[in-house]
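Some notes on the structure that comes next.
Taken together, the values in this text are just the output of simple stated rules run on the coordinates, not laboratory data. For clarity, every value in this text was computed on a predicted model and none was experimentally measured. We place every Cβ from the backbone using ideal geometry, glycine too, and count neighbours over all the protein chains shown.
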Amino acid sequence: MKERYALTLNISRYDPATRKSWVQEYRIEAGRILRFTDVFRKINKELDPTFAWNSSCEHAQCGSCSVVINGKPMLACELLVENSVEQFKTETFTIGPITVAPVLRDLIVDLEKAYDRVHSIQPFIIKPSKNPHQGEEYRISPRVMEKYLEATRCVNCFCCATACISSQKGFIGPNAVLASLVRIMDPREDATEERLKLLYSGEGVYRCHTSMACSSVCPKKIDVAHFIGMVKEGLFS
Ligand code: SF4
Ligand code: SF4
């Protein structure tokens with residue numbers, strides 16, 4: 001394993017002032033344990049301060065640094081240089097923005113627009129159910145929680161929605177379905193029927209053709225397609 005790599009990054013650029021799009025090549029040396037967000041920062045410092053990208057927590061918890069690297073949607077903050085070379089067997093990378101929302105600049109997309117899909121399913125309790133232990137906090141048993149705990153790990157990075165070809169064709173998208181299913185399986189929520197109306201509508205789960213692309217790219221290792229299958233089959237309890 002090398003200590004440093006000579007990377008070639010072909011990055012999609014977009015200037016909203018001129019509406020010009022182009023691919024820019026950056027050649028840069030990077031240490032093996034730098035993450036791609038570190039490499040982006042290095043480009044800004046050493047080569048080009050105008051290159052724009054997005055990140056916040058840089059600990060794979062906020063989902064804001066998603067990009068498409070050599071065709072695969074992933075979190076830039078999670079990808080180490082040495083792992084990228086091993087995974088893609090190259091030191092040359094093509095990097096573009098995720099594809100579920102309009103590009104604002106370079107790798108930055110309008111996440112507000114992407115979130116419209118998640119907001120459409122109302123990812124909060126719409127109709128609170130009766131607490132069996134009145135006057136106490138609503139406790140969910142570990143046995144019940146276990147059934148959907150994995151789905152609650154979603155950070156809305158939209159990697160699954162970018163990988164899903166149906167997302168470009170009227171489907172609300174895998175992470176929106178997941179968010180609704182979490183509420184359906186939450187015993188504190190009583191709005192199953194309302195939720196299913198949208199999930200079984202023309203923009204709902206039957207747009208999914210079970211390619212499993214969503215599960216294979218999810219950085220939180222959620223088997224998204226399995227949960228979508230549960231909705232299709234009506235297996236909520
Ligand atoms: S299900 Fe996974 S890939 Fe999809 S938005 Fe959530 S964390 Fe990202
Ligand atoms: S399994 Fe369904 S939701 Fe997942 S990527 Fe394929 S079509 Fe999209």
Surrounding net charge for Arg139, when Lys and Arg each add one and Asp and Glu each subtract one, Cβ distance under 13 Å: -1
For the chain, with +1 on Lys and Arg beta carbons and -1 on Asp and Glu, the positive-most of Cys160, Gln24, Gly170 along the dipole: Gly170
Highest-first arrangement of 110-123, 137-150, where packing means the average Cβ count within 10 Å: 110-123, 137-150
FRET efficiency, 1/(1 + (r/R0)^6) with R0 22 Å, evaluated for Ser216 and His119 via beta carbons: 0.25
Ser201-Lys147 pseudo-label distance in nm [points 7 Å out on the Cα-to-Cβ vector]: 2.5
Given charges at beta-carbon only (K, R positive; D, E negative), |dipole| of the chain in Debye: 240
Cα-centred dipole magnitude for the stretch 62-162, charges only on beta-carbon of K, R (+1) and D, E (-1), debye, nearest 20: 500
Within the chain, percent of DSSP bridges classed antiparallel, to nearest 5: 85
Peptides 165-172, 33-40 ordered by average Cβ neighbours within 10 Å, highest first: 33-40, 165-172
Compactness of the stretch 111-233 as Cα Rg over 2.2 N^0.38 Å, two decimals: 1.06
Cβ-based charge dipole, the chain, positive-most Cα from Tyr14, Ala191, Ser211: Ser211
Zone residues, the stretch 49-73, relative to His209, backbone N less than 18 Å from point 7 Å out along Cα-to-Cβ: none
Extension gain from Ile126 to Tyr138, taking 0.36 nm per residue of separation minus the Cα-Cα distance: 2.7 nm
Globularity ratio of the chain, using Cα Rg and 2.2 N^0.38 Å: 1.14
Links that overshoot a 20 Å alpha carbon limit, given the list Lys197/Lys220; Lys72/Lys221; Lys147/Lys220; Lys130/Lys197; Lys147/Lys232; Lys2/Lys89: Lys197/Lys220; Lys130/Lys197
Rg/Rg_ref, the stretch 4-109, where Rg_ref = 2.2 N^0.38 Å and atoms are Cα: 0.99
Computed lengthening from Glu3 to Glu194, 0.36 nm per intervening residue step minus Cα-Cα distance: 63.2 nm
For the stretch 186-220 and the stretch 157-185, distance of Cα centres in Å: 7
Cα-centred dipole magnitude for the stretch 111-233, charges only on beta-carbon of K, R (+1) and D, E (-1), debye, nearest 20: 180
Contour excess over end-to-end distance, with Cα ends at Ala52 and Arg27 and 0.36 nm allotted per residue: 7.3 nm
For Leu75, Leu198, order by how many other beta-carbon atoms lie within 10 Å, fewest first: Leu198, Leu75
